[in-house]
Amino acid sequence: MMGDYQTTTRLRRSTSLLALLTSALLLADAGQSTHALAQQPAASAQAFGFAIPAQDLNSAILTFARLTGVRVFYDSSLVDGLRSAEVNGTFTAQDGLNRLLSGSGISYRFTDSDTVSLSKTASGAQDTMQLDPVHVEAQGAPTQAEIGTLPEAYAGGQVARGSKVGLLGNRDVMDTPFNTTAYTADLMENQQARTVADVLQNDPSVRFTTSDGHAMENFTIRGFGVESDELAFNGLYGMVPDGHVPVEFLERVEVLKGPNALLAGIAPSGGVGGTVNLVPKRAGDEPLTRIAADYASAGQVGTHVDVGRRFGTDNRVGVRLNGVYRTGDTELDGQSKERILGSAAVDYRGDDLRVTLDAFSTHETNSGGSPMMAGFATSVLPAPDASTNLFQGLKGEQESLGGQLRAEYDLTKAVTVYAAVGGKTSEYSGLITSTQAISTTTSGIADLKMVNQNGVIHTTTAEAGVRGRFTTGPVKHEVVAGINSLSEEEDKSYTLKWVNGVTSIYSSGSPYFPGRPNAPVRYQDNQFNSLALADTLSFLDDRVALTLGGRHQSINNKTYTDNTGVYASGYDDEAFTPAVGVVLKPFAANVSLYGNYIEGLTQGGRVTDSSASNYGQVFAPHRTKQKELGVKWDAGKITNTLSAFHITKPNLSTNWTTHVVSEAEQTNKGLEWNVFGELTPGVRALGGVTYMRSELSKTASGQYDGNEAYGTPHWQGNVGVEWDLPWIKGLTVDGRAVYTGGQYVNSANTLEIPDWWRFDLGARYMLDIQGRDVAVRASVTNLMDSNYWVGSFSDGYVTLNSPRTFMLSTAVDF
C-alpha cells in the first residue's frame, strides 16, 4: 500500500507542476504578445545576421528558415538543380530572401508576417504561378506541431534532415547537441529491409548480438547492450512488437546515441548505448495503393499491401493500412518461419488540434530450429557453417497486440499541450531463447542448454506535457515539461534442460527438448514514473543554443521466485538526472560544434544465467554518465559528424571461479565518424567508422580491473554506396561493406574472436508500365558466404553470423 501511495503522490505532484508551468507559459505568451504588437517588427521587417554561402538552393532555404523563423512553402521540384546566391551581412528577412533567390528564376510572396510561398517567375511578367506547397520546418525556431510534421529527407533520400530528440521534439541534425541519424522508408524499401535489425546494419555504432534466425533482435550501441524491448514507438517505450520488429509499417527508424534519460526517460531494460525511436507511416496527400511480393533464397515468400487515403475538408483525416504475410524456409538448416503483420494508422490534422491513433498486431512462428549461442571452456574454436542448426525440431511463437493514441492542441501560437496513452500485450511460448551450446572439448563436442517458456507481458504507458516559446531580451526560449509513466507486468513459467556432450557444434542435430511448462505465474512488475523540464536558450542570431534540463524519475521493481509466483525481492528508488547540451555555429559555413553532458538511470540487472550461484538476484538501479564533444558539417548535399564520447556505466561481471555474478563498472571511450548524403548527382554514400576502447573497474576483489569489457571491438566500420547508372534510366546498383575488429568475449579476457568482414550487393530497376510505377529489387547479403563469430551477447558466449541470403522483390503502385 505504501508503494501505491507513493506512486499516486508522485503523479499528483508531477501533474500539479505541469499545470503550473502551462499557466506560466500562457501568461508569458500573453504578455509577450502585447509587447510584440507595441514594439516588435514583423518577421519580414526584423533584421537578422546572415552568413549563408552559395550552395544547393534547397539547403540554403532551410538555413534561411532556421535563421529567421520564417516558414517557407514550395514544391521540391521547383529548386532541383538550382544554387543560391551568397548572403552575408545584416538584413531583413525580405532583403535576405531577395539576395538568396537572386538569379534563380524563383519569386516569393509573404502570405503573412512569418510565412512565405515560393513560385517560378513567369517570363516577362510580374505575376507568379502558385505550385502545390511543401512545408519546410525551421528547426531553429520550430512550430509547435510535432504530429504530422517530420523533418524532410536529406539529399539522396536515405536519411532525414533531423529526428525526434525525445522531450525536445523534432530537431534538425545541425541544431541537435547529440549524434543522431534517422533512416527513411525509402532506404528500408530499397534495401528490402524486413525488420529493424536490417535497417540498423547501416550504422557503424551498432552491432547485433543475435543472429537473423533467432527469435529476438538484441544489439549494442557504442558497445552497450540494447535489448529488443527497449525500442520506442512514436516516442513511447514498451510499445514495440515482441521479438522482431517489422518495418513495413514504419516511416522512420531514428537512432540517438548515448544515455538520454532527460530526453526519453528510462528504458524498460535500462539501455545505455542509445535510443531507437520508430515512427509509424501516415497517409500522404496523394492516394496510395502498393502491392509487393518478395522471395528469399531458401524458400521464404511473402506479400505486403500498403494503402493510404485522406478524406474530408482539406484532407484532414488520413488512414494508412499495412498488411504483411511471409512464410517458408530460412537459410538455417531445417528452420522455417511464418510472419504476420496488420497495422492501421489514423490521423486528424486540424488547425489547432492534431490527433493520431496507431494500432498493430503481429504474429511470428519459428519452426525447426534456432541459431546457437556458443560458449567455450578454454579457447574459442573456429566458427562452423553459418547454416548449422543444433536444435532441429524446436518451435516457438510470439504475438503482440498494441495501440497508441496521441494528441496535441495549440493553446496559442506559442503554447502547445500534448498527451499520449498506449498499451500492448505480448504472448510467447516454446523454445524462443536460451538455445546455448557450451563446447567442452577442442573437437567441438558441446553440452546443450534449452529453455521452454510460456509467458505474457502487459504494458501500459502514457505521457503528457506542454511546449512553449517566449523571448526574454535577446534570448529566445523553447521550454518543454512533461510527465511519463510506464507499467510492465510479466507472467512467466519455464522448464530447462541440459543435454551433455551429445553433439558437435559443427553438425546439425535434434536433441531431446524440455517438457511443456505450466501456466504462467507472476515473474516481475516494473513501474517507472518521471517528471522532466528542459529549456533551450538561443541567442546571438541563433548561433548559440544552450539546452538545460533534468528529469526526476522513480523506479518500483518487484521480482518473484521462478515458476512459483512468490514475491522474492524488490526496490523503490528515485533519482534526478541532469543534462546540458550546447550547439555553436561560429563560421560562415554550415558547421555546428556541439557538446553534451547527460546522465541516465538504468534499472538494476537481473542475473539470468541459470548456472550462476546467485541466479535470479536483482541489483538496485544505477546511474550512467556521458560526456560528448563533436562537430557537424553540412556541405549542402553531404553531411559529416565527428564525435568523441566517454560513457561510464555499472555492469554485471561473472566470476567463473565462484560462478557468482556481481556488479562492476564499465567505461567506453571512443571516436565516431558518420557520413550521409549525395557525393555527386546519382551517387549516394552512407556509413562511417567507430573507434572504441573499454575498461572494467570495481570488479569483485579487483579480479578483472583494467580488463576490456566483452563485446567491445576497437574498430567498427560501415560503408554503403548507391549509383544511378547514367546509361540506363531507372537502374541503380549498390554495395555495402561491414567490418568489425577482434574482441574479447569474456570479462577475464581469456577468450577472443577475430575480426570479420561482410560484403553485400544489390540493384533496383524503377520503371513505368502502362502508367503504373513498378520497382524490381534484388540483393545478396554475405556475398562471400563467410562463416565467423559476430560478437558476444553475454559474458563468455558468442553469436554465429547469418548465411549468404539472396532476396528478390517487386512492388507495383495501382
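Label positions at Asp314 and Ala644, each projected 7 Å from the Cα along the C-beta direction, are separated by 5.0 nm. Rounded to the nearest whole Hz, the Karplus-based 3J(HN,Hα) values (6.51 cos²θ - 1.76 cosθ + 1.60, θ = phi - 60°) of region 163-180 follow the sequence 7, 6, 9, x, 4, 6, x, 5, 9, 5, 4, 6, 10, 10, x, 9, 8, 10, with x at glycine and proline. Checking the cross-link pairs Lys257/Lys413; Lys632/Lys729; Lys164/Lys627 against a 24 Å limit on the alpha carbon distance flags Lys257/Lys413; Lys632/Lys729 as lying beyond it.
Between amide H atoms placed 1.01 Å from N, distances below 5 Å from Gln524 occur with Glu490, all of them 5 or more places distant or on a separate chain. Other residues whose C-beta falls under 12 angstrom from the C-beta of Ala635 contribute a net charge of -1, scoring Lys and Arg +1 and Asp and Glu -1.
Summary of packing: across the peptides 785-793, 515-523, 572-580, the per-residue average of other C-beta atoms within 10 Å ranks them, highest first, as 785-793, 572-580, 515-523.
Quick one: which of 229-239, 553-563, 426-436 comes out on top by average Cβ neighbours within 10 Å, and what's the full order, highest first?
Highest to lowest by the protection proxy: 229-239, 426-436, 553-563.
Seen from Glu463, the other residues with C-beta closer than 14 Å to its C-beta sum to a net charge of +2, counting Lys and Arg as +1 and Asp and Glu as -1. Of interest is the spacing of the C-alpha centroids, which for region 200-223 and region 54-123 amounts to 42 Å. Ranked by the mean number of other Cβ atoms within 10 Å of their residues, highest first, the peptides 161-167, 760-766 fall in the order 161-167, 760-766.
Throughout, read-outs are computed from the coordinates displayed, never taken from laboratory work. These figures come from a predicted structure and were not determined experimentally. In this analysis, Cβ positions are derived from the backbone assuming ideal geometry, glycine residues included, and neighbour counts consider all displayed protein chains.
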